Amino acid sequence: MSLFEIKNCKKTFNGQKVLDDISFKINEGEVLAIIGSSGSGKTTLLRICTFLECMDDGEMWYLDNQVVSSSSGRAKYIGQDDLSLDSLNKNKELVKIKSYFGLVFQSFNLFPHWTVLKNVMDAPISVQKRNPNEVKERAMYFLKKMGLEDKANNYPCELSGGQQQRVAIARALCLEPKIIYFDEPTSALDPELTSEILKVIKELAKEKRTMVIVTHEMNFARDVADRVIFMNDGVVVEEGNAYDLITNPKKERTKRFLQKYNE
Ligand SMILES: Nc1ncnc2c1ncn2[C@@H]1O[C@H](COP(=O)(O)OP(=O)(O)O)[C@@H](O)[C@H]1O
Ligand SMILES: [Mg+2]
């Protein structure tokens, strides 16, 4: 079953085409890696998938819910008349659909003045309106799973980068999402902490969690992802089985990109 689909997504910033006709699906239980040079539009794409940014034109679905349709060459978001971020933030129709996904950023994005536990518990209570006792139990469960049960009452600044990123992953998991998006989850970490985080994500893949991971870790993408999308200059250049695409790319542009990782 497809949990998510985006079709012909287009995005321009100040006259610069950043995404041009991007289409892909995410199936249940699948790990999709998105690779590509810096500036190719990966972050913008994830931000559009997670309603942090509006697309200009295209279509988008979460399960059976069509969130965006295309009307006269413009995106039409369900329950809103324009394409402003302000409307997107206030869009009540999207609130339920937002709980289908969690998002882990490169820079962790924890609230510095909140404890680890509060960081993990906040959105399930304030956004998803779940019972605080139930949420606390789940938060502690996921912190334990991330090896952080003894850090629940610490503040983010008291943790290493790897620990902070594990808190961010626990926070995403505590939303009980159907899909977790990761935007370069290890780019801010040194090699040792990177492997610590990659190990955690690998475990989640073993549990058959549906994940979309923007990454520069090619060996990880080859070994952990099912499918890979290679983006360049706002378009999908090549898409395919992860092992095949990374070890035997078909397109010249993909070959050149991957070559850099073998030098
Ligand atoms: N909010 C924004 N305003 C203007 N330009 C942007 C904005 N966000 C991204 N861009 C531009 O879009 C292009 C793609 O950026 P990005 O999606 O961050 O790529 P990647 O994540 O692949 O490095 C870049 O040229 C970047 O400068
Ligand atoms: Mg990026």
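The values are calculated or read from the model by the stated rules, or taken from the named source; none is laboratory data. Keep in mind the model is a prediction, meaning the values are calculated, not measured. Here the Cβ is made from the backbone with ideal geometry for all residues, glycine too, and neighbour counts use every protein chain on show. Note: accessible area is taken over every heavy atom of the protein model, side chains too, but ligands, DNA and RNA are not part of it. Shrake-Rupley method; radii C 1.70, N 1.55, O 1.52, S 1.80 Å.
Observations on the structure shown:
- If you wrap the tightest convex hull around every Cα atom of the stretch 125-263 and split its volume per residue, you get 135 Å³.
- In angstrom, the C-alpha Rg and Dmax of the chain are 18.4, 55.
- Comparing Thr43, Asn14, Leu3 along the charge dipole axis of the stretch 1-45, the residue lying farthest to the positive side is Asn14, per the Cβ-charge model.
- For the pair Val235 and Glu176, the difference between a 0.36 nm per residue extended length and the Cα-Cα distance amounts to 18.1 nm.
- With all pairs of separate Cα atoms included, the stretch 31-184 yields a Kirkwood hydrodynamic radius of 16.8 Å.
- Antiparallel DSSP beta bridges within the chain, percent to nearest 5: 60 percent
- Estimated from helices alone, the mean residue ellipticity of the chain at 222 nm is -11000 deg cm²/dmol (sum of -39500 (n - 2.57) over DSSP H runs with n ≥ 4, per residue).
- Furthest towards positive pole of dipole, Gln163, Pro177, Met140, structure part the stretch 109-177, Cβ charges: Pro177
- Each Lys and Arg contributes +1 and each Asp and Glu -1, all at the Cβ; summed about the Cα centre of the stretch 109-177, the dipole is approximately 100 debye.
- Annotation for the stretch 1-85: GluC sites (Glu not before Pro) lying in DSSP loop with at most 16 further Cβ atoms inside 10 Å of their Cβ are Glu28.
- Per residue, the accessible area of the chain comes to 48 Å² when a 1.4 Å probe rolls over the protein heavy atoms.
- Charged-residue dipole, Cβ positions (Lys, Arg, Asp, Glu), the chain about Cα centre, Debye nearest 20: 280 debye
- Accessible carbon and sulfur surface of the stretch 1-86 relative to its total accessible area, %, 1.4 Å: 42 percent
- Note on the stretch 1-36 and the stretch 51-118: Cα centroid distance 14 Å, given to the nearest whole angstrom.
- Carbon + sulfur, % of accessible area of the stretch 109-177 - ligands and nucleic acids excluded, 1.4 Å: 52 percent
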